[in-house]
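Working notes, structure below.
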Amino acid sequence: MCDVKREEYYDLFERLIDSMTRPSEFDREEFVSILADICELFHLSKGVTEFYRSLSAEKEGDGEVLIDYDNGHGDKVVMFRRVVTPSMTVVKSTLYMAENDGPLSETDYRRVDIRLRAMLSFISRNRLQTLVEKLGFFDDDGYPNLNFFMRYLEKMNEKGEIPGNTVLQFNLRHFSLINREIGRAAGDIVMRSYYDQIRKLIGNNGTICRVGGDNFIAVFRSELLHSVLFMIEGFPVVYDTRREKRIMVSACAGVFVIPDGFTMNKTSEIMGKVFPAAQEAKFNPDCNIVYYTDDMNVRKERFMQVSKLFVEGLEKDEFRAYYQPKVDVETGKIVGAEALCRWIRDGRIVPPAEFIPILEQNTDICRLDYRMLDMVCLDIRRWLDEGREPVRVSVNLSRKHLIDVDLLEHLLKIIDDNGVPHKYIELELTETTTDVEFRELKRIVGALRAEGICVTVDDFGMGYSSLNLIREVPWDVLKLDRCFLPVEESSDGGVTEVMFSHVISMAQSMGLECVAEGVETEKQIELLRNNKCRIAQGFYFDKPLPVEEFEKRLQMRSYHIE
Ligand code: C2E
Ligand code: MG
Ligand code: MG
């Protein structure tokens, strides 16, 4: 038994400390090679390190076992150390010698021990950092997360590499439908493979992270934008090992092309630009890709302003119900009306297009709809009390109401508190976009009908109305959207007219009352008559009218038509 040479020992120990404490990235290969040299120097035959996330993981043997060195010469344990860190992770190290080697001299034993302790302390910290990294910068499914993305931007910024890149935030279209169609497990594969393909395209000069659910964010060289957008528009994704099953996946995205000279002080300066663009893309069914423009922030400003003024407007009673008559095209008689909201602010009439889409982005729209219903009920009650014969009035209900489980009770309370017989109320609802909403829609329409309240499917034919919508939901009235109504100068070779007449006859065979909206010309009235669509609403008769004007029409009861 003789001590190993001082110089050799110091040299190796120095290299070990150097490899563990270098500020640049840790190089495991180098580290392991030094450990091997140390083992050889001390005639050790094997060195094993174990790392466990917790005490229970240690008990279950669920951890990482790293064999740092093994010359295959023996299994006699010469040293064992176990460290439990303050965060309750466990690191263990065991050193072995060949059966007939050793023992170590006292000095060498001490040297090996110091080396072992230094290494254990390093490994426990290093693995802990890896763990923190995993927890903080990756989500449960192993995708890098938003923190990862922000850190990536900051690293780019440090190197002055932000300009010349593009940030893209996207949301997979109809992903819940895909999950339902092919099952969740296959859905996960689809998402992963969509992600992988875009990541492959982006390469090492950028990154792509998941920011929750089916939302992703990426940054990459602007030269790649065209190709990335091509993939965003949709491509078939394989989701089985035999490569037989494929599904089309597309996304909608907000894009911020970072201009030359752009300086980033905080990551929020980039996130604040790509986010509103992505939101617009998500809520605009006609447009998959929305580029950030400066006026987006002006719109955002407007959004905030409308949301604030809305509450004030409700308190100050600035909202009015305007009434647009629905007319029987055979007799000219007013058979109903639609209540349309107008916001009278500072003497100006604000049309719905300027505030309804904003209110629809949260549940403010529901408060407005209840207020409208209340105003309509007040008018009907007054007409009854004044001895006039009211007509049935329809009120628009936003889709947003469908998440309210007490919707029916709320509506009935307003109607009944005003003492209005149910037959005078009609509610207009539009098609839904998700299956959950669709189920709710079916339920609520059935329940309203049972209460004797008439229910209408509004804007039928706009967007992607499915025939299921009229087959499965028990509507009373089908209201055809303006886009379905043929106009004189139509350029589609009569397709609209053919569809118009077939949709009407189908609806009638199903026992639905038909209303055509947006009727503007004599010719269109003629067309309605020819197709036995009895009811029309539109500028041909009147625009939506203030209540006093509408009462005059009610008095008159009918329009003169040719
Ligand atoms: P909508 O329910 O489909 O209402 C019909 C829209 O068509 C009304 O626009 C009406 O003024 C317009 N219109 C009627 N006849 C004609 C015509 O002959 N030609 C043309 N070009 N347009 C005609 P308005 O009042 O601007 O309302 C727009 C939309 O805003 C409504 O579409 C409805 O979706 C929404 N809205 C209005 N008031 C309310 C409300 O109180 N609650 C909710 N949730 N939505 C409302
Ligand atoms: Mg309507
Ligand atoms: Mg409509």
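The values are calculated or read from the model by the stated rules, or taken from the named source; none is laboratory data. Computed from a predicted model, the values in this text were never measured in an experiment. Cβ: placed from backbone, ideal geometry, glycine included. Neighbour counts: every protein chain shown.
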Residue count, the stretch 488-527 (criterion: within 24 Å of ILE470 (Cβ to Cβ), within 16 Å of ligand 3 (Cβ to nearest atom) and assigned to a loop (DSSP other than H, G, I, E, B)): 3
Residue check, GLU161 of a type in the set (D, E, K, R) and under 30 Å from LYS92 (Cβ atoms): no
Taking the criterion of being surrounded by fewer than 18 Cβ atoms within 10 Å (Cβ to Cβ), within 16 Å of the chain's Cα centre (by Cα) and assigned to a helix (DSSP H, G or I), would at least one residue in the stretch 149-171 satisfy it? no
Which numbered condition GLY463 misses (of (1) among the small types (Gly, Ala, Ser); (2) more than 16 Å from ligand 2 (Cβ to nearest atom); (3) touching a Pro at 6+ places or on another chain (Cβ under 8 Å)): (2)
What is the one condition in (1) within 16 Å of ligand 1 (Cβ to nearest atom); (2) in contact with a helix residue (DSSP H, G or I) (Cβ under 6 Å, 6 or more places away or on another chain) that ASN418 does not satisfy? (1)
When LEU340 is evaluated against the numbered criteria (1) touching a residue at least 40 places away in the same chain (Cβ under 8 Å); (2) away from ligand 1 (no atom under 11 Å from the Cβ); (3) buried (at least 19 other Cβ atoms within 10 Å of the Cβ), which criterion, by number, is the only one it fails? (2)
Among the numbered conditions (1) more than 10 Å from ligand 1 (Cβ to nearest atom); (2) assigned to a helix (DSSP H, G or I), tell me where ASP369 comes up short. (1)
Can you confirm whether ARG81 is within 30 Å of ILE217 (Cα to Cα), at pLDDT 90 or above and surrounded by 14 or more Cβ atoms within 10 Å (Cβ to Cβ)? no
Selection from the stretch 452-487 of residues that are on the phi < 0 side of the Ramachandran plot, more than 15 Å from ligand 3 (Cβ to nearest atom) and surrounded by fewer than 17 Cβ atoms within 10 Å (Cβ to Cβ): TYR464, SER466, LEU467, ASN468, ARG471, GLU472, PRO474, VAL487
Is there a residue being modelled with pLDDT under 90 and either exposed (fewer than 15 other Cβ atoms within 10 Å of the Cβ) or in contact with a Gly (Cβ under 9 Å, 6 or more places away or on another chain) (or both) anywhere in the stretch 508-527? no
PHE500 vs. criteria within 13 Å of ligand 1 (Cβ to nearest atom) and either acidic (Asp, Glu) or touching a residue at least 12 places away in the same chain (Cβ under 8 Å) (or both): no
